[in-house]
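Notes for the one structure printed next.
The values are calculated or read from the model by the stated rules, or taken from the named source; none is laboratory data. Fair warning: this is a prediction, and the values are worked out from it, not measured in the lab. Counting neighbours? That spans all protein chains shown, and the Cβs are built from the backbone with ideal geometry, glycine included. SASA here: full protein model, heavy atoms, side chains in, ligands and nucleic acids out. Shrake-Rupley method; radii C 1.70, N 1.55, O 1.52, S 1.80 Å.
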Amino acid sequence: MVKVHCERDGEWSAVAVEPYGDLSLSPAAAVLNYGQGIFEGMKAFRTVDGEVVCFRPDQNAARFAEGAGRMSMPPVPADKFVEAVKKCISANRDFIPPEGKGSLYLRPLLIGSGPILGLGPAPSYTFLVYCSPVASYFKGGQLTPIDLVVEESYHRAAPGGTGSTKCIGNYSPVLKVQLAAKAQGFSDVIYLDAVNNKYIEEVSSCNFFVVNGNVIATPALGGSILPGITRKSIIALAKQKGFVVEEREVSVEEVIGADECFCTGTAVVVVPVGSVTFRGEKTVFQEGGIGVVGQALYDELTGLQSGKVQDKLGWLENVPEGFHE
Ligand SMILES: *Cc1c(COP(=O)(O)O)cnc(C)c1O
C-alpha cells in the first residue's frame, strides 16, 4: 500500500510504498469519532497489448479534492494523487488479473488521523492507497441483470448534505435498506429525491440511466447524487454513438414505461436492470434479459479499458513497469 502524511497546514510527505498492514491510530482520531474521511474507487487493467493502464485517474483526483474540501480536509494535490495510485498499481503489478478476467481495484482513502476531542478538523491527515484484484462482474460472458425496488421510506442524501461526496459516513446507512431489499430477493434499491419523494436519484453505489428509443436520460447532478466517473464516461460514449443524452429529472413512471434501464459505476461498469418493483408492482424489462443499449455501451467502455478500442479521448494512463522503485 501507499501512505502519505500531512500536517493540517503543512506539506504532504513523499509518496511511500510500504507493506499492506494495520494502521496505528489514537482513539481520539477525528476519523473514528467524527467520520472525517473520504474514499475513491478506481481500476487498473492489463490491455491486449500487455500494457498496464489506469482509467481516468485525473477524474478521481479532482473528485477526491472536492470531497476533501467538503469535509474540511486538505486536498491531496492531483499530481500527488495520481503518483500514489500509479505507485500502488506498479507495486502490485503481479496481482493484476489477465486481460478480460478482471482488474485491480484501487481504494484511495483520506482520513483525519490526528487526535481531536472537541468537534473540529483533525490536526493531521493520512492519505492511503491500497488495492485488491477483482473479477469481472458478468457470469459466463453475460451481463447479469439486477432486480431493483423503489425505496420510499429512506433517503440516501438530502439537498445541502453530502450525497455528492464519497465520504465514509454515507455508506453504512444504506446497508439497513439494502439488506432488507436483499432479504426480499432484490439486488438493491432505487433511492428517490428527499424533497418530492418522486424523482430517481441513484442506487446505493451506482448511477441510474433510462433508455427510450434514441434518448438516454439520467438524473441531473444536484448535490445529492454522486457524480460518477463511469456516468460521465458513458454519457460521452453515448453521445459519440449518436444517442441524445438528457440530464434531468427522471420519474418512477418514466422508468416503468421505458425500453430499458441500466446502472453505472466503477465496480459494475454497466449493469442492466432486469426489473423495477414499485409499490408491489414488478416491471420486467426484456424478460429479465440484457438491453441492447446497455450492452453496446458496456462493450464500448470495456473495449476501451482493455485496449481493444482505440483510446481517442486519452482516458487511459499508462503505468510503466517499476514505476514505484
Ligand atoms: C462511487 C459511487 C458511484 C459511481 O461512481 P464511479 O465514479 O462511476 O465509480 C455512484 N453512486 C455512489 C453513491 C457512489 O458511491
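When each of the peptides 308-320, 28-40, 159-171 is scored by the mean number of other C-beta atoms lying within 10 Å of its residues, the order from highest to lowest reads 28-40, 159-171, 308-320.
Taken as Cα centroids, region 224-239 and region 5-62 sit 23 Å apart, rounded to the nearest whole angstrom.
Relative to the longest principal axis of the Cα atoms of the chain, helix 57-70 runs at roughly 80 degrees.
Relative to the Cα centre, what is the charge dipole magnitude of region 146-306, using +1 at the beta carbon of each Lys and Arg, -1 at the beta carbon of each Asp and Glu, and rounding to the nearest 20 debye? Intermediate values should be presented prior to the final figure.
Details: 12 positive and 18 negative charges, 96 e Å.
For this selection, approximately 460 debye.
As a length-normalised measure over Cα pairs under 8 Å and 6 or more apart, the relative contact order of the chain settles at 20 percent. Going down the list 166/232; 43/182; 239/312; 80/308, which pairs span over 21 Å between their C-alpha atoms? Result: 43/182; 80/308 exceed 21 Å. Taking the C-alpha atoms only, the angle from helix 78-91 to the longest principal axis of the chain is near 90 degrees. Sorting the segments 92-99, 2-9 by their residues' average number of neighbouring beta-carbon atoms within 10 angstrom, most packed first, yields 2-9, 92-99. Spin-label model, residue 308 to residue 325: label points 7 Å out along the Cα-to-beta-carbon direction sit 3.3 nm apart. Cα axis of helix 292-305 to longest principal axis of the chain: angle in degrees, 0 to 90, nearest 10? The angle comes out at about 20 degrees.
How much length would be gained if the chain were fully extended between residue 11 and residue 72, taking 0.36 nm per residue of separation minus their Cα-Cα distance, in nm to one decimal? Walk me through the numbers on the way to the answer.
On the way: separation 61, 0.36 × 61 = 21.96 nm, distance 1.61 nm.
Contour length minus the Cα-Cα distance gives 20.4 nm.
What's the carbon and sulfur percent of region 222-298's accessible surface, probe 1.4 angstrom, rounded to a whole number? Roughly 51 percent of what the probe reaches on region 222-298 is carbon or sulfur.
The overall shape of the chain is oblate: from the C-alpha gyration tensor, with semi-axes ordered a ≥ b ≥ c, the ratio a/c is 1.5 or greater and a/b is no larger than b/c. Taking 4.7 Å between C-beta atoms as the pairing limit, the chain has these partnerless cysteines: 6, 54, 88, 131, 167, 261. Structural descriptor for region 2-134: relative contact order 36 percent, calculated from alpha carbon pairs under 8 angstrom and at least 6 residues apart. Mean separation of Cα pairs under 8 Å and 6 or more residues apart, divided by the residue count, gives region 146-306 a relative contact order of 24 percent.
Quick one: putting +1 on the C-beta of Lys and Arg, -1 on the C-beta of Asp and Glu, what dipole do you get for region 2-134 around its Cα centre, in Debye to the nearest 20?
Working: 13 positive and 14 negative charges, 56 e Å.
Rounded to the nearest 20 debye, it is 280 debye.
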